[in-house]
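Q: Structure in structure tokens, see below.
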Amino acid sequence: MEKKRKIRIMIAKPGLDGHDRGARILARFFRDAGYEVIYTGCHQTPEQIAQAAIQEDVDLVGLSCLSGAHRLLFPQVVSQLKAHGAEDITVIGGGIIPEQDFPLLAEAGIKAIFTPGASLESILQWVLDNVGG
Amino acid sequence: MYYSDRLLLESKSLTDKWEEEVRKIAALYPDQKARFSTVSDLEIKRLYTPEDIKDLDFTNDIGVPGEFPYLRGNQPTGYRGRYWTFRMFSGMGSAEDTNRRWHLLLREGNTGLSAAFDYPTLMGYDTDSPRAKGECGKCGVAIDTLEDFLALVEGIPLDKVTTSMTINPPATVLWAMYIAAAKRQGAAVSEISGTIQNDMLKEFIAQKTFMCPPEPSIKLISDTIEFGAKYVPRWNPISISGYHIREAGSTAVQELAFTIRDGIEYVEDVIKRKGLAVDDFASRLSFFFNSHIDFFEEICKMRAARRMWARIMKERFKAKNPRSLWMRFHTQTAGCSLTAQQPYNNVVRTALEALAAVLGGTQSLHTNSLDEVLCLPSEHAVEIALRTQQIIAEETGVANTIDPLAGSYFVENLTNRLEADAWEYISRIDGMGGMIKAIELGFPQMEIADAAYNYQRQLACKEKIMVGVNKYATDERQQVPLVEIDDRIETEQIGRLSGVKRRRDWNAVRRSLADLKSALMREDNVMPHCIEAVENLATLQEICDVYREVFGQYRDPGIF
């Protein structure tokens, strides 16, 4: 029987924002939950994130941004993935993101947004339901 | 002996009786938790007694304000002569937007300014850089050239108001702009006063605003300390910061230990690299702490910090000037303690944290606004935050007497424990060969990541509580008006920058950047060259590109 491939998750920090506490906690949490996790570190361009996601053959990219630049940067990651023919990679986001930006991000292809106070369990549940475990 | 044998005996016998009583009652009515601990997970006992502080040496461990070991404060007069500085951290959108906010704050009784810059400025990029896209004005004010800076400080008398600037890799550039702006106002550079944060070690450890690798970053910092000691003697060329270490999820002990160990690293570098004596510059070093939600832990941390620094300066560096022994610090309430849920509760959290900072003897304070977990603060929210400080100062009476909690069995015991645990970290880092080595090993980064993760797990299993998040949560949404930064600001700022680039004397810019580069190669102090470059309207990024070219760039190793 073919051994089931572990789901691979990339946590990424686009832009110049250095607030990485949430990103690093999530990375560790998903690793502990049995996923393969790659963390990009801070200060990645959307292009770098898309390329790394393809190179690492991930199933899910979790973007984190607390600087307010998510409106520009999150959609750019999705379009960069598309440009490289990797639109099958699921992209979700988190950080300080006002509710009024949700429609714009959804339209751009961000599948879910998690804001301050979201529990780790709720994020895991979303991944289990939508990507797998 | 801090207490007489007789008192200790009496205390022992009464405490024994009390313990028996507790056992009986607790058997019938069990405690709410098996273990009680601070927000940093430091276990706390049910009761503290004279036994817990019996080894204190009054003169060497406590003393009086204004005297070694400065546990009770640097100033003999406490807050009676002067309150702490009400210093609200502020910056948004364009230089004009921020200037308007600063004038408003000064009218409302703010007594010092504190500049928040946007991410491109913090990272040494101009607004027209591809790396800056989408960030302009979002987290603070955008500054590209001296012209922006002049607009920022328009109408602010730089020889009277002290200004703190939260700026790290490009600290030399922003300080140069400040000096150039002060000169234009006709202020004597030797008279201006303020602070640049300029603490790169905590960037590598926690805040992640970095540009060049650690070693050359420290060289630039030593340049500013040397330049300040010689020409700008009332300036604080560094604010050695625990704030961001704590926000990244550290414990109080880690904040205390890593910040103080960073301070040691800077002092050693200036002595070694610049050949200055410790008393030539130590009195201008300043510090910056977080005031988190655990009331007593924070008060004790600040008291311990002053005592530890005094001991280090006296014993490790043999400083003679009493002012070299002072740990002067600014405090900010904890952004990470605030919640997006039920945001008006944040007013209460901030008030309690501010009270802790005052009881801990801070010299300067920023109080967060209730909406800062959602967006940049609105004018109304900022006003409540500022009024919080003014109420503590003017109404509560806590500033009437100095260090009112001194002598408490619990407070002195916890102060000692925090100090002892912090010394342990400091000697471990000494053993690794210093903080740069420890950072290269990922040691402080990993310790903080562990603590942050531990706290998150405790929240998940409700061992720790955040009201409105994992207890007392409601479905009701409390809406607060959100401040939005228009994307138009970016277009306007780029337009303004191109205008400057077209107008300026390009030969002068080129010459001053070349001068800066050769100064870097010769390892000369960069400050005079930086001032000349900004006066010739070289941009922030043009100067930082010279640093990047000569020193290389640091990349986040992405430790988790």
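Q: Spot the failing condition for B:Leu370; the list is (1) farther than 22 Å from A:Ile96 by Cβ; (2) crowded, with 18+ Cβ neighbours inside 10 Å, and only one is missed.
A: (1)
Q: If you don't mind, there's one more thing I want to ask. Would you please name the residue that is surrounded by the most Cβ atoms within 10 Å (Cβ to Cβ), looking only at residues in segment B:394-416 that are in contact with a helix residue (DSSP H, G or I) (Cβ under 8 Å, 6 or more places away or on another chain) and in a helix (DSSP H, G or I)? Working first, answer last.
A: In the first step, residues of segment B:394-416 are kept if they are in contact with a helix residue (DSSP H, G or I) (Cβ under 8 Å, 6 or more places away or on another chain); the result is B:396, B:398-399, B:403-407, B:409-416.
Filter once more, keeping what is in a helix (DSSP H, G or I): B:409-416.
Numbers: B:Tyr409: 17, B:Phe410: 17, B:Val411: 20, B:Glu412: 22, B:Asn413: 19, B:Leu414: 24, B:Thr415: 30, B:Asn416: 19.
Across segment B:394-416, the extreme among qualifying residues is B:Thr415.
Q: For the list (1) within 14 Å of chain A (Cβ to nearest Cβ); (2) within 30 Å of B:Glu96 (Cα to Cα), I need the number of the one condition that B:Thr474 fails.
A: (2)
Q: Step by step: first the residues of segment A:79-103, then only those that are in contact (Cβ under 8 Å) with a residue 24 or more places away in the chain, more than 12 Å from chain B (Cβ to nearest Cβ) and hydrophobic (A, V, I, L, M, F, W, C), then the one that is farthest from A:Ile25 (Cα to Cα). Which residue is that?
A: A:Ala83
Q: Also: Inspect all residues belonging to segment A:25-39 and state whether any of them is facing chain B (nearest Cβ under 8 Å), out of contact with any strand residue (DSSP E or B) (no Cβ under 6 Å at 6 or more places or on another chain), modelled with pLDDT under 95 and surrounded by fewer than 24 Cβ atoms within 10 Å (Cβ to Cβ).
A: No; the residues of segment A:25-39 include none that is facing chain B (nearest Cβ under 8 Å), out of contact with any strand residue (DSSP E or B) (no Cβ under 6 Å at 6 or more places or on another chain), modelled with pLDDT under 95 and surrounded by fewer than 24 Cβ atoms within 10 Å (Cβ to Cβ).
Q: For residues that are in a loop (DSSP other than H, G, I, E, B) and touching a residue at least 12 places away in the same chain (Cβ under 8 Å), scanning just segment A:104-125, find the one that is nearest to the other protein chains (Cβ to nearest Cβ). Steps first, answer last, please.
A: First, the residues of segment A:104-125 that are in a loop (DSSP other than H, G, I, E, B): A:108-112, A:115-119.
Now narrow it down to the ones that are touching a residue at least 12 places away in the same chain (Cβ under 8 Å): A:108-112, A:115-116, A:118.
Values: A:Ala108: 13, A:Gly109: 17, A:Ile110: 15, A:Lys111: 21, A:Ala112: 17, A:Thr115: 6, A:Pro116: 4, A:Ala118: 10 Å.
Step by step, filter segment A:104-125, then rank; the result is A:Pro116.
Q: Scanning for something farther than 30 Å from B:Ile384 by Cβ and buried (at least 18 other Cβ atoms within 10 Å of the Cβ), does segment B:495-503 turn up at least one residue? Talk me through it step by step, then tell me what you get.
A: Let us first name the residues in segment B:495-503 that are farther than 30 Å from B:Ile384 by Cβ, namely B:495-503.
With buried (at least 18 other Cβ atoms within 10 Å of the Cβ) added as a condition, the list becomes B:496-497.
Yes, because at least one residue in segment B:495-503 is farther than 30 Å from B:Ile384 by Cβ and buried (at least 18 other Cβ atoms within 10 Å of the Cβ).
Q: Okay, next question. Inspect all residues belonging to segment B:67-83 and state whether any of them is small (Gly, Ala, Ser), in a loop (DSSP other than H, G, I, E, B) and over 26 Å from B:Met327 (Cα atoms). Lay out the reasoning, then the answer.
A: Restricting attention to segment B:67-83, the residues satisfying the condition of being small (Gly, Ala, Ser) are B:73, B:78, B:81.
Now narrow it down to the ones that are in a loop (DSSP other than H, G, I, E, B): B:73, B:78, B:81.
Right, trim to over 26 Å from B:Met327 (Cα atoms) and you get none.
Within segment B:67-83 (the criterion being small (Gly, Ala, Ser), in a loop (DSSP other than H, G, I, E, B) and over 26 Å from B:Met327 (Cα atoms)), the answer is no, since none of the residues qualifies.
Q: I've got another one for you. Scanning segment B:443-471 for residues that are closer than 17 Å to B:Val39 by Cα, of a type in the set (A, V, I, L, M, F, W, C) and in a helix (DSSP H, G or I), which turns out farthest from the other protein chains (Cβ to nearest Cβ)?
A: So, considering only residues that are closer than 17 Å to B:Val39 by Cα, of a type in the set (A, V, I, L, M, F, W, C) and in a helix (DSSP H, G or I), the one farthest from the other protein chains (Cβ to nearest Cβ) is B:Ala451.
Q: Restricting to segment B:78-131, give me the number of residues that are in contact (Cβ under 8 Å) with a residue 60 or more places away in the chain, surrounded by fewer than 22 Cβ atoms within 10 Å (Cβ to Cβ) and of a type in the set (Ser, Thr, Tyr).
A: 4
Q: Here is a further query. Can we say B:Glu532 is crowded, with 17+ Cβ neighbours inside 10 Å, free of Cβ contacts under 8 Å to residues at least 60 places away in the same chain and either farther than 16 Å from B:Asp126 by Cβ or in contact with a Lys or Arg (Cβ under 8 Å, 6 or more places away or on another chain) (or both)? Give the steps one after another, and end with the answer.
A: Working: crowded, with 17+ Cβ neighbours inside 10 Å: yes; free of Cβ contacts under 8 Å to residues at least 60 places away in the same chain: yes; either farther than 16 Å from B:Asp126 by Cβ or in contact with a Lys or Arg (Cβ under 8 Å, 6 or more places away or on another chain) (or both): yes.
Yes.
Q: Turning to a different aspect of this structure: Identify all residues within segment A:54-75 that are buried (at least 22 other Cβ atoms within 10 Å of the Cβ), at pLDDT 95 or above and within 30 Å of B:Thr127 (Cα to Cα); write none if there are none.
A: Answer for segment A:54-75, where residues must be buried (at least 22 other Cβ atoms within 10 Å of the Cβ), at pLDDT 95 or above and within 30 Å of B:Thr127 (Cα to Cα): A:Val61, A:Gly62, A:Leu63, A:Ser64, A:Cys65, A:His70, A:Leu73, A:Phe74.
Q: Shifting gears a bit: Is at least one residue of segment B:141-163 more than 23 Å from the chain's Cα centre (by Cα), surrounded by fewer than 18 Cβ atoms within 10 Å (Cβ to Cβ) and modelled with pLDDT under 95?
A: Scanning segment B:141-163, I find at least one residue that is more than 23 Å from the chain's Cα centre (by Cα), surrounded by fewer than 18 Cβ atoms within 10 Å (Cβ to Cβ) and modelled with pLDDT under 95, so the answer is yes.
Q: Restricted to segment B:104-120, and to residues that are more than 10 Å from chain A (Cβ to nearest Cβ) and closer than 14 Å to B:Met165 by Cα, which residue is modelled with the lowest pLDDT? Reasoning before the result, please.
A: First pass over segment B:104-120, keeping only residues more than 10 Å from chain A (Cβ to nearest Cβ): B:104-117.
Then drop every residue that is not closer than 14 Å to B:Met165 by Cα, which leaves B:112-117.
Numbers: B:Gly112: 91, B:Leu113: 94, B:Ser114: 94, B:Ala115: 96, B:Ala116: 96, B:Phe117: 97.
The qualifying residue modelled with the lowest pLDDT is B:Gly112.
Q: Next up: If you take the residues of segment B:388-423 that are charged (D, E, K, R) and in contact (Cβ under 8 Å) with a residue 60 or more places away in the chain, which of them is farthest from B:Ile312 (Cα to Cα)?
A: If we take residues in segment B:388-423 being charged (D, E, K, R) and in contact (Cβ under 8 Å) with a residue 60 or more places away in the chain, then B:Asp403 is farthest from B:Ile312 (Cα to Cα).
Q: Can I ask one more? Restricting to segment B:123-156, give me the number of residues that are in a helix (DSSP H, G or I) and either touching a strand residue (DSSP E or B) at 6+ places or on another chain (Cβ under 6 Å) or away from chain A (no Cβ under 14 Å) (or both).
A: Our first condition is that a residue be in a helix (DSSP H, G or I); within segment B:123-156, this holds for B:123, B:130-132, B:146-152.
Cutting the leftovers down to either touching a strand residue (DSSP E or B) at 6+ places or on another chain (Cβ under 6 Å) or away from chain A (no Cβ under 14 Å) (or both) gives us B:146-152.
The number of residues fulfilling the criteria is 7.
Q: Only one of (1) part of a helix (DSSP H, G or I); (2) among the polar types (S, T, N, Q); (3) more than 10 Å from every other protein chain (Cβ to nearest Cβ); (4) under 14 Å from the mean Cα position of the chain (by Cα) fails for A:Gln76. Which number is that?
A: (3)
Q: Only one of B:Ala357, B:Ala310, B:Ala334, B:Ala351 is crowded, with 24+ Cβ neighbours inside 10 Å and among the aliphatic types (A, V, I, L, M). Can you tell me which? Give the derivation first.
A: Numbers: B:Ala310 fails: crowded, with 24+ Cβ neighbours inside 10 Å; B:Ala334 fails: crowded, with 24+ Cβ neighbours inside 10 Å; B:Ala351 fails: crowded, with 24+ Cβ neighbours inside 10 Å.
After applying the criteria, what remains is B:Ala357.
The values are calculated or read from the model by the stated rules, or taken from the named source; none is laboratory data. It should be emphasised that the depicted structure is a prediction, and the values quoted were computed from it without experimental measurement. Neighbour counts run over all protein chains shown; Cβ positions are idealised from the backbone, glycine included.
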